[in-house]
1. Could you please state, rounded to a whole Å, how far the C-alpha centre of segment B:46-78 is from the C-alpha centre of segment B:211-236?
2. Could you give the dipole magnitude of the protein assembly as shown about its Cα centre, charging the beta-carbon of Lys and Arg +1 and that of Asp and Glu -1, in debye to the nearest 20?
3. Could you list, in their original order, any pairs among A:Lys134/B:Lys16; B:Lys25/B:Lys97; A:Lys88/B:Lys47; B:Lys75/B:Lys165; A:Lys19/B:Lys16 whose Cα atoms are separated by more than 31 Å?
4. What residues have an amide H closer than 5 Å to that of B:Gly49, excluding those fewer than 5 places away on the same chain, when H is modeled at 1.01 Å from N in the peptide plane?
5. Give me a comma-separated list of calculated 3J(HN,Hα) values for segment A:56-70, in order, Karplus coefficients 6.51, -1.76, 1.60 applied at θ = phi - 60°, integers in Hz, x for any Gly or Pro.
6. Enter the mean number of other protein chain beta carbons within 10 Å of the beta carbon of each residue in A:9-15, as an integer.
7. I need the phi-derived Karplus couplings for segment A:114-125: 6.51 cos²θ - 1.76 cosθ + 1.60, θ = phi - 60°, integer Hz, Gly and Pro marked x.
8. Along the charge dipole of segment B:146-241, Cβ charges K/R +1 and D/E -1, which of B:Val235, B:Pro220, B:Ile169 sits furthest on the positive end?
Amino acid sequence: MHEWALAESVILSALEAAKKEHLKTITDITVQIGELQQIERDIFQFALKEMVTSSGSKLKNVTFHLKTEKSTLTCTSCGHTWKFSDMKKKLSEQESESIHFIPEVLFVHARCPKCGSPDFEITKGRGVTLSTIKGKR
Amino acid sequence: MEPRTSVIEKRLKSIKRIITVASGKGGVGKSLVASGLALHLATKSHKVGLLDLDVYGPSSHIILGVTTEYPVEEKGLIPPNVQGISFMSIVFFTQDKPSPFRGNDISNIILELLAITQWGPLDYLIIDMPPGLGEETLDVMKYMKHSEFLVVTTSSKVAMGSVSKLLKILIELKKPILGVVENMTMKNTSYIEHEVQKLKVPYLGKIPFDNTLEDAIGHPDLLLKTPAMKHLVSVLKKINL
């Protein structure tokens, strides 16, 4: 239930931002979920809703918008680009679960499919990001 | 917006003291001091956590003999209990394979570990640091503002050259320094003590080189009985640990 920890960070971060912007209520939160983190959307959504109930009145009528961001991986050695979904089947269940917890361990468990280098970048689709917050002052 | 930073304070709020075991130089015995410190505090019935932040070359798990233990998923990750210590390391996710990370990846790993690890109430969280002044040291200073530093060196002038730089930056940033431990000493010289005192930092004492130590690696019960550990305990007594 790692999704709960990430949901909690989203809620706390949104409340922090609302305080900074002097928002009395938060109406919409858009969360971008990177493909690499392999979040269970239902659990994540459930966790967000559960946390709203214990987070005070500011979030009472909030709507969450969850958007998945496909990954882009770029090899630093040969310049090849590919997606995590292209290589996921080659990973063991344990490797895949480790990437779910710490996306950077992809560099440990995967290689560039073209040149075999471990030196590549996650240019898109890493983890959970709070994209936008809307509210009323 | 990065949401993980908001939750770190909450994750660490039930931890009474954070002690970072650091050095400017590699190979001086930081992991052994960190593991030894954690074991010592655990034997005194304190609630202790140990976080290995050496993501390129984690070694606390080897010292503690961690083989089958794994974190439990419960609204984050609950570290496994190893010899009375709540233990967290990147090794649980790398399966001990080579780990080629660039600088920004290291910061992301540290952030993720701090955001998802559910330590619960602890008397002490001990952090085993990699050498130097890179991302790991800067991130500990950034996210664990109240951390105290226990610095390890050997008797070598080469080691002390790098350790001095770490001490100077800790002093500049007004970070609490518990003191400097001189590890693996082979003769009775006062060079390190003198250098440390020049910086007005407490010099805590020597741990003589112990050739029985290697056989105790991976066996915490044996480790606690080694001469090195006994010397470490007397050094720690000077700072009431």
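Bear in mind that the values in this text are calculations on the coordinates, not laboratory data. Bear in mind the structure is a predicted one, so any value in this text is a computation, not a measurement. As a convention, Cβ positions derive from the backbone with ideal geometry for all residues, glycine included, and neighbour counts pool all protein chains shown.
1. 20 Å
2. Using Cβ point charges on Lys, Arg, Asp and Glu, the protein assembly as shown gives about 1360 debye.
3. Violating the 31 Å Cα-Cα cut-off are A:Lys134/B:Lys16; A:Lys88/B:Lys47; B:Lys75/B:Lys165.
4. Here the answer is B:Ser86, B:Tyr124, B:Leu125, B:Ile126, since their amide H atoms fall under 5 Å of that of B:Gly49.
5. Using θ = phi - 60°, the values come out as x, 6, 4, 10, 3, 10, 6, 10, 9, 10, 9, 10, 8, 10, 5 Hz.
6. Neighbouring Cβ atoms belonging to other protein chains average 6 per residue here.
7. 8, 10, x, 6, x, 9, 10, 10, 8, 8, 8, x
8. B:Ile169
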